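So the structure is just underneath, and the comments pick up after that.
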Amino acid sequence: MIVKSLEKSEKSGEFEESQAFEKFQEIEKAGMAAVCSWTRRYEPTEFFNQAKVLRAFRAHRVNYQDFQISSGYGMGDTGRDKLESIYAEIFHGEDALIRQQIVSGTHSITLALFAMLLPQDKMVLYGEPYDTLYKVLGRTEKDPGSLMELGVTYEIHPFGEKETIGDAIDETTKVFYLQRSKGYSARNAMTIREMEELITAAKKINPKIIVFVDNCYGEFCEEREPLEVGADLIAGSLIKNAGGAIAPSGGYLVGRADLIERAAYRLTAPGIGKEVGPSLISNVSLYQGIFMAPHIVSEALKGSVYLSAVMAALGYDVLPKPNDPRSDIVEMIRFGAPEPLKAFCRGIQKYSPVDSHVLPEAWDMPGYEHQVIMASGGFVEGSSIELSADGPLREPYNCYVQGGISFPYVKFVIDSILQEELQLK
């Protein structure tokens, strides 16, 4: 540890160690200053979101009976149904679909897309989607199971060029797709204000257009959510923000009742929809997860700000910058080469509470075109609201860090990696 390094005396390199320690203190101070500034600005948002969630719980009279498991078809699962009503209220939708059987955010998004789009329909995406979505969209008509195979067409409009959105959207556009988080792109997350401007512009061109938002990583980062500014449907994962680091699995959709019904038909079968889907494990973790989510997201955001300030002080390009507005929990660090990216991810894994002894290696993950290295030593496998880091092995070798159950945990991990960087360990 750093203290032991300082205890060394009368040895060559003592001066260098002292300089390194001073450098560490300087960087740590910059990080904490950024966190204090951010906390002062964000604290009202955390209070607002926590009060909103609590009101929903009280309004729907959550009780212990709602936590019971069900089996078979799951008909009459009142705890599951009540949880969906709570999500609908929190995110300002007409209805919601919350299921343990939805395995990921990509699964939630896929349910939504296949529910909304029919053969010959057209969709416009604002910016490049997350890597795994290309398998869903399809690059050619021969891609099995893709939307393109079904005859759906799509166009990607460059992110940031909102003034020319009218060049892409017309009266034939069925769905306008917005991705709130940066994904594997080098950009900041889309703020709710930016989203509102885009949605207003799109619906002015085509009042019937369906606006769909991939809300992954963005829940509770701001006081408003996409449905409050004109979106028709949102999707997300319960092992990201909305699950509060407690939910063991699952995904959600919230929005217009007719779109939720169509998505439920895709999840189960037409005519059956939401009536089935047993809670094979107690719903208590899903209830507690959404209740804790505003605070957990706040802790993750503090960790992201600290990481941004520390890595910027070390000379790395980062997004968002320490004082930038934040609408997701993801921090991007540009390493410029594969080895530093791998080393950083291995550092995150090394100081994780689970699988700290494991050495991450890049591999061909399902749904990705390039090899991806991923550090995820959380209590739920692959949980992105717990501290994790990953990145595709392609230029410019960006690393994407997200989550953190508590700020002290994130700070300890980052400080430990920094000390190793400065050779103080």
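Between Tyr64, Pro396, Tyr87, the Cα set farthest toward the positive side of the dipole of the chain (charges on each charged residue's Cβ, about the Cα centre) is that of Tyr64. Phi angles across the stretch 259-276 convert, under the Karplus curve 6.51 cos²θ - 1.76 cosθ + 1.60 with θ = phi - 60°, into 3J(HN,Hα) values of 6, 5, 4, 5, 5, 5, 5, 6, 5, 10, 7, x, x, 9, x, 6, 5, 10 Hz, Gly and Pro given as x. Applying the Karplus relation 6.51 cos²θ - 1.76 cosθ + 1.60 with θ = phi - 60° to the stretch 386-403 yields 3J(HN,Hα) values of 7, 5, 8, 8, 7, x, x, 7, 8, 5, x, 6, 8, 10, 10, 10, 9, x Hz, where x marks Gly and Pro.
With contacts taken as Cα pairs under 8 Å at a separation of at least 6 residues, the stretch 68-281 carries a relative contact order of 31 percent. Between the stretch 396-419 and the stretch 275-314, the C-alpha centres lie 15 angstrom from each other. Amide H to amide H distances under 5 Å link Tyr154 with Met123, where only residues 5 or more positions off or on other chains count and H is placed in the peptide plane. Counting only Cα atoms, the size of the stretch 68-281 along its three principal axes is 51, 40, 31 Å, in decreasing order. Kirkwood radius, the chain, all distinct C-alpha pairs, inverse of mean reciprocal distance: 22.5 Å. Karplus-derived 3J(HN,Hα) values for the stretch 227-239, using 6.51 cos²θ - 1.76 cosθ + 1.60 with θ = phi - 60°, are 5, 7, 10, x, 5, 9, 7, 10, 9, x, 10, 7, 9 Hz; glycine and proline are entered as x.
Put a plus charge on the Cβ of each Lys and Arg, a minus charge on the Cβ of each Asp and Glu, and nothing anywhere else: the dipole of the stretch 68-281 about its Cα centre is then about 420 debye. Computed on the chain, with alpha-carbon pairs under 8 angstrom and 6+ residues apart, the relative contact order is 19 percent. The simple Förster model, with R0 at 25 Å and r as the Cβ-Cβ distance, assigns Ala201 and Arg224 a FRET efficiency of 0.90. In the stretch 68-281, a dipole from Cβ-located charges (positive for Lys and Arg, negative for Asp and Glu) runs towards its positive end, and of Ala264, Phe159, Gly250 it is Gly250 whose Cα lies farthest in that direction. When both bridge partners sit in the stretch 68-281, DSSP labels roughly 35% of those beta bridges antiparallel. Where only DSSP H runs of four or more residues are counted, the chain gives -13000 deg cm²/dmol as its mean residue ellipticity at 222 nm, each run worth -39500 (n - 2.57). Distance from the C-alpha centroid of the stretch 230-257 to that of the stretch 322-394: 22 Å, rounded to the whole angstrom. Pairs exceeding a 20 Å alpha-carbon distance, out of Lys182/Lys240; Lys174/Lys240; Lys135/Lys182; Lys122/Lys203; Lys174/Lys204: Lys174/Lys240. Residues whose amide H falls under 5 Å from that of Ile405, counting only those 5 or more places apart or on a different chain, are Leu387, with hydrogens built in the peptide plane.
Over the stretch 201-300, what is the relative contact order in percent, taking alpha-carbon pairs closer than 8 angstrom and at least six residues apart?
RCO, the stretch 201-300: 26 percent.
Among the trypsin sites (Lys or Arg not before Pro) in the stretch 120-222, those located in a DSSP loop and surrounded by at most 11 other Cβ atoms within 10 Å of their own Cβ are Arg139, Lys142, Lys208.
Throughout, read-outs are computed from the coordinates displayed, never taken from laboratory work. This structure is a prediction, so every number in the text was calculated from the model and none was measured. Backbone-built Cβ (ideal geometry, glycine too); neighbour counts: all protein chains shown.
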